[in-house]
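Below is one structure, written out as structure tokens, with a few remarks after it.
The values are calculated or read from the model by the stated rules, or taken from the named source; none is laboratory data. Here the structure is a predicted model, which is why all the values come from computation and not from measurement. So basically every Cβ, Gly included, is an ideal-geometry build from the backbone, and we count neighbours across all protein chains shown.
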Amino acid sequence: MINILITGGAGHVGASLANKLSEKDNVSIVILDNLSTGKKQNLLLRENIKFIEGDINKISGMEAMLKERPFNYIFHYSAVVGVQRTQDHPLLVFDDIDGIKNILSIALQHSTQRVYFSSSSEVYGEPVEIPQHEMTTPLNSKIPYAIVKNVGESFLRSYQKEFNLNYTILRFFNTYGPLQSDDFVITKFIKLALENEDLIIYGDGAQTRTFLHVDDNINFTIECLENNYFNNDVVNVGSDEEMRIDALAEKVIEMTNSKSKIKFIAPLEEGDMSRRKPDLNKFRSVYQGQLVSIDEGIRSLIDRFKV
């Protein structure tokens, strides 16, 4: 039996990963989540999924539960997420450093084979090159979320050097899907459009992002797990189809046949970078299938949210 711990496992990406992994007969999964943004109902009710409500940043009292079985693999997906939330609660974001240290300590105690860390495109800050390559991280972002992700990556490299603890750093670029909370751009736009409410854009909407459907994210991650890809390495996980935010809003309004209007407001003071586009050479060396198109992904969410 392969035992896996997923922190933040009731959230959008974590729950999607847990649900997919739970289809395998030889996998047992423990979910640890404080439910600050995750939801228990995101998880399928399967015998090989065990849920523990708790905060990895404050592990006291959970040691016994986490020692019940050795964890072969750990996915550390727990984090304070969302641009506005992380801007509003910067000290809460820095608490995530404690969680990183705690999870690495657990990994050493369990002789874990590998820790998978959900990093972010935010580590690139304001881009110095496009596409953004894994070896180019300028550390020019001052927002706490980006700083903590950079710190997490550094901890993983240091633990590997000091204790030979293996890791894979997954730098996520805007993964979207049906379990995502309403304060992320695609789900927010769709739900507002279905209610014929204004779609709010910070700044002029010229900022670009790329969007990867969660199914592609999860399929790639499981392929890496099963084939031992990117051991002690970092890999961008995303799409390279760049889209302006104002164009995304227009697409959502058109696809929902909405009466919504686009409303532009003052740009965020920090954290809303001008461009995002990953170099996908590493990603594509493993995952060569057709990605879910943005139109297909939006259409599936529209159908789901209409129900």
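One line per residue, one yes/no per condition, for (1) under 25 Å from Val123 (Cα atoms); (2) over 18 Å from the mean Cα position of the chain (by Cα); (3) part of a helix (DSSP H, G or I):
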{"position": "Leu192", "(1), (2), (3)": "no, yes, yes"}
{"position": "Ile200", "(1), (2), (3)": "no, yes, no"}
{"position": "Asn217", "(1), (2), (3)": "yes, no, yes"}
{"position": "Glu223", "(1), (2), (3)": "yes, no, yes"}
{"position": "Glu269", "(1), (2), (3)": "yes, yes, no"}
{"position": "Arg284", "(1), (2), (3)": "yes, yes, yes"}
Problem set entry | Single residue of the stretch 236-264 satisfying the filter (of a type in the set (Gly, Ala, Ser) and closer than 16 Å to Gly297 by Cα) that is nearest to the chain's Cα centre (by Cα) | Gly238
Seminar exercise, completed: Checked the stretch 223-249 for anything farther than 17 Å from Met273 by Cβ, surrounded by 15 or more Cβ atoms within 10 Å (Cβ to Cβ) and not hydroxyl-bearing (Ser, Thr, Tyr); matches are Cys224, Leu225, Phe230, Asn232, Val234, Val235, Val237, Ala249
Problem set entry | First in the stretch 12-30 and closer than 12 Å to Val214 by Cα and in contact (Cβ under 8 Å) with a residue 60 or more places away in the chain, second anywhere and assigned to a strand (DSSP E or B) and aromatic (Phe, Trp, Tyr), Cβ under 9 Å, 6 or more apart | His12/Tyr176; Val13/Phe172; Gly14/Phe75; Leu17/Phe75
Problem set entry | Test: residue in the stretch 258-266 that is exposed (fewer than 15 other Cβ atoms within 10 Å of the Cβ) and within 24 Å of Val123 (Cβ to Cβ) | no
Problem set entry | Residue among Ile200, Ile147, Ile169, Ile143 that is closer than 21 Å to Phe117 by Cα and either free of Cβ contacts under 8 Å to residues at least 24 places away in the same chain or surrounded by fewer than 20 Cβ atoms within 10 Å (Cβ to Cβ) (or both) | Ile147
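Listed here are the residues, each with its yes/no results for (1) in contact with a helix residue (DSSP H, G or I) (Cβ under 6 Å, 6 or more places away or on another chain); (2) in the same structural domain as Glu153 (by TED's automatic domain parsing); (3) aliphatic (A, V, I, L, M); (4) touching a residue at least 60 places away in the same chain (Cβ under 8 Å).
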{"residue": "Asn227", "(1), (2), (3), (4)": "no, yes, no, no"}
{"residue": "Asn231", "(1), (2), (3), (4)": "no, yes, no, yes"}
{"residue": "Lys259", "(1), (2), (3), (4)": "no, no, no, yes"}
{"residue": "Ile262", "(1), (2), (3), (4)": "yes, no, yes, yes"}
{"residue": "Ile265", "(1), (2), (3), (4)": "no, no, yes, yes"}
For this session: Mind listing just one residue for me: the one in the stretch 154-186 that is of a type in the set (Lys, Arg) and more than 17 Å from the chain's Cα centre (by Cα) and, of those, nearest to Gly297 (Cα to Cα)?
Result: Arg157
Exercise. Before we move on, is Ile31 of a type outside the set (Gly, Ala, Ser), touching a Leu at 6+ places or on another chain (Cβ under 6 Å), within 17 Å of Ala10 (Cβ to Cβ) and assigned to a strand (DSSP E or B)?
Worked result: no
For this session: Determine whether the stretch 287-295 contains at least one residue that is in contact (Cβ under 8 Å) with a residue 24 or more places away in the chain, among the acidic types (Asp, Glu), within 26 Å of Asn219 (Cα to Cα) and in a helix (DSSP H, G or I).
Result: yes
Problem set entry | Exclusive hit being assigned to a loop (DSSP other than H, G, I, E, B) and closer than 21 Å to Gly238 by Cα, set Val81, Val115, Val123, Val148 | Val81
